[in-house]
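**Q** Can you read through this structure? Questions will come right after.
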Amino acid sequence: MPLRKQAFNPLLACLAAVTVLFFVFPLAGLIGGAPWGRIGAVITTRTSLDALRLSIIASLASTALALCFGFPLAWLLARGRFPGKGLVRGLTTLPMVLPPVVGGIALLLAYGRRGFIGEPLDNATGITLPFTLPGVIVAESFVAMPFFVITVESGLRAVNQKLEDAARSLGAGRWTVFRRVTLPLVWPSLAAGTVLTWARALGEFGATITFAGNLPGVTQTMPLAIYISQSSDRTDEAIALSLILVVVSLVVMVFRRDRSGPG
């Protein structure tokens, strides 16, 4: 049944326009203040390229971890029945509302060299996470994976399980039902969760600088490089690097929206 068209509401339209401008003005300021005459030279410095490389590696690795470990958790939360389910969901999504710096401190106390997990890990294997690229990936995963879990859980809950039951009644095995029925139905949520996770990991700052530090070429991602540039009065460099993050994120989000269909 097609949706009934609503009559034009001037007040609603004005409020919506104000909201859009609220988001557009900062982007316009960023574009207007960009050093367009030498932006190429700014973003191709060794520091900028290293930060971009580390951001891409860490954010993609964090997204891959979300796919591997977040999907089973989302499935369990959506379909499973067990005591303490609400508590598990709350703990899983807590990083979404925690200040990132608090998350970084918590990571240090758990996985740092003197952490209750980090110290035995260091003693047994010699592996240390703080101030390393794996530490960046851990910090980004901590703050970004909850976006994947909550999005995919919502998608799984929305799946009509009668379709899965019908496929089983026709003789389809568990893997076939998942691949041919469940996965296509949950795919929009899976893709949205993946994009949100990647975008959140790409822009992560607080937990990363607290847990992994800000070592150029080692743990300095794009947000950290922007912070250092702004703090060091290298405003042009900070704006240029910010534009890269804005453009990449905007392209991905628009592409994701287009792939989702009209709306």
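The values are calculated or read from the model by the stated rules, or taken from the named source; none is laboratory data. Fair warning: this is a prediction, and the values are worked out from it, not measured in the lab. Cβ coordinates were reconstructed from backbone atoms using ideal geometry, including for glycine residues, and neighbour counts include every protein chain displayed.
**Q** List, please: which pairs have Cβ atoms under 7 Å, are six or more places apart or on different chains, and start with a residue in the stretch 224-239 that is within 11 Å of P35 (Cβ to Cβ) and end with one that is of a type outside the set (A, V, I, L, M, F, W, C)?
**A** From the stretch 224-239, the pairs are D236/P35; E237/S229; A238/S229; A238/Q230; I239/G33; I239/P35.
**Q** Test of understanding: among G193, G263, G213, which residue is surrounded by fewer than 20 Cβ atoms within 10 Å (Cβ to Cβ), over 27 Å from A34 (Cα atoms) and either of a type in the set (D, E, K, R) or modelled with pLDDT of 90 or more (or both)?
**A** Answer to the check: G213.
**Q** Could you please find all residues in the stretch 108-143 being touching a helix residue (DSSP H, G or I) at 6+ places or on another chain (Cβ under 9 Å) and more than 17 Å from T208 (Cα to Cα)?
**A** Answer for the stretch 108-143, where residues must be touching a helix residue (DSSP H, G or I) at 6+ places or on another chain (Cβ under 9 Å) and more than 17 Å from T208 (Cα to Cα): R114, F116, I117, L121, I127.
**Q** Can you pull out every residue in the stretch 216-235 that is touching a Ser or Thr at 6+ places or on another chain (Cβ under 6 Å), in a helix (DSSP H, G or I) and either of a type in the set (V, I, T) or farther than 18 Å from T44 by Cβ (or both)?
**A** I226
**Q** Of the conditions (1) touching a Phe, Trp or Tyr at 6+ places or on another chain (Cβ under 7 Å); (2) surrounded by 14 or more Cβ atoms within 10 Å (Cβ to Cβ), L76 satisfies every one except a single condition; which number is it?
**A** Of (1) touching a Phe, Trp or Tyr at 6+ places or on another chain (Cβ under 7 Å); (2) surrounded by 14 or more Cβ atoms within 10 Å (Cβ to Cβ), only one is false for L76: (1).
**Q** Here are G40, G70, G33, G29: which of them is surrounded by 12 or more Cβ atoms within 10 Å (Cβ to Cβ) and within 29 Å of D236 (Cβ to Cβ)?
**A** G33
**Q** Return yes when A110 is buried (at least 18 other Cβ atoms within 10 Å of the Cβ), assigned to a helix (DSSP H, G or I), modelled with pLDDT of 95 or more and not charged (D, E, K, R) and no when it is not.
**A** no
**Q** What helices (runs of 4 or more DSSP H) lie completely within the stretch 17-89 and have 2 or more residues being in contact with a Pro (Cβ under 8 Å, 6 or more places away or on another chain) and either polar (S, T, N, Q) or modelled with pLDDT of 90 or more (or both)?
**A** 46-65
**Q** Something else now. Within the group W198, W187, which residue is crowded, with 21+ Cβ neighbours inside 10 Å, aromatic (F, W, Y) and in a helix (DSSP H, G or I)?
**A** W198
**Q** Moving to a separate point now. Restricting attention to the stretch 90-101, which residues are part of a helix (DSSP H, G or I) and not hydroxyl-bearing (S, T, Y)?
**A** G90, L91, L94, P95, M96, P100, V101
**Q** Another question, then. Give me the pairs, please: first residue somewhere in the stretch 161-173 and without any contact (Cβ under 8 Å) to a residue 12 or more places away in the chain, second residue anywhere and of a type in the set (A, V, I, L, M, F, W, C) and part of a helix (DSSP H, G or I), beta-carbon distance under 8 Å, and either six or more positions apart or on two chains.
**A** Pairs that qualify, where the first residue is without any contact (Cβ under 8 Å) to a residue 12 or more places away in the chain and the partner is of a type in the set (A, V, I, L, M, F, W, C) and part of a helix (DSSP H, G or I), are R168/V177; A172/V181.
**Q** Can you name the number of the only condition in (1) over 23 Å from F147 (Cα atoms); (2) under 21 Å from the mean Cα position of the chain (by Cα); (3) assigned to a helix (DSSP H, G or I); (4) not charged (D, E, K, R) that V181 fails?
**A** It is condition (2) that V181 fails.
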